[in-house]
1. Looking at (1) at pLDDT 75 or above; (2) more than 19 Å from residue 3 (Cβ to Cβ), which one does residue 160 not meet, given that it meets all the others?
2. Filter region 35-59 down to the residues that are in contact with a Gly (Cβ under 6 Å, 6 or more places away or on another chain) and crowded, with 18+ Cβ neighbours inside 10 Å and list them by number.
3. With respect to the numbered conditions (1) at pLDDT below 80; (2) buried (at least 22 other Cβ atoms within 10 Å of the Cβ), which one is the sole condition not fulfilled by residue 129?
4. Give me the pairs, please: first residue somewhere in region 6-27 and within 20 Å of residue 44 (Cα to Cα), second residue anywhere and polar (S, T, N, Q) and surrounded by 11 or more Cβ atoms within 10 Å (Cβ to Cβ), beta-carbon distance under 6 Å, and either six or more positions apart or on two chains.
5. Name the single residue, out of those in region 146-157 being buried (at least 22 other Cβ atoms within 10 Å of the Cβ) and modelled with pLDDT of 90 or more, that is farthest from residue 7 (Cα to Cα).
6. Would you mention how many residues in region 70-96 are of a type in the set (A, V, I, L, M) and farther than 24 Å from residue 60 by Cα?
7. In region 51-79, what residues are at positive phi and not charged (D, E, K, R)?
Amino acid sequence: MPPDLPLGAADLGGVRFEIRGILQLASLGGPVFGQRWPAKVALPVEGRGVRRLHLLATTRDGAELATGTPVLRVRCQWGGTVVETPLRLGMELGDGWHAPEHSRPGDRSVVAWQGISESSEAVRSVVRLYRVTLDSPRPGAVLERCELVGGNSAATPWVFAATGE
């Protein structure tokens, strides 16, 4: 966890998030740091009346992948309709660990936070977290279920927070 990333409630990228840690999902590139990670995780959304979902997320080890490579899938049920949204490298998500001169931000996301961690500093890189927003596909439909699905590429998806409005 980057030491200067705020824990608890924080306004990042124009949205208030509650940051409690890192959710690391599986990737095809093998287990990072010698551990296995879940391929799928459900988000707690029931009964909240959410019409828009914001994720604070990034990727690691995506520098060699082509722009448009799916890294994470967000599968949500909005008012009975299931929608699966791919979060793609260089589009909805940027590469989170990179040398400053090789930045590849997401075109459809907002850089919500940038800083340095011990591991990024050791390789002269910076860490970026991106705010990705998913809207209900139908006016008035609320979020009933949502899960994050990794294991799509060699890049490792990391999710720091999710919030709805």
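The values are calculated or read from the model by the stated rules, or taken from the named source; none is laboratory data. For clarity, every value in this text was computed on a predicted model and none was experimentally measured. Glycine also receives a Cβ, built like all others from the backbone with ideal geometry; neighbour counts cover every protein chain displayed.
1. (2)
2. 50, 53, 58, 59
3. Here residue 129 meets the rest and fails (1).
4. Hits for this filter: 17/163.
5. 146
6. Summing the residues that are of a type in the set (A, V, I, L, M) and farther than 24 Å from residue 60 by Cα in region 70-96 gives 2.
7. 68, 79
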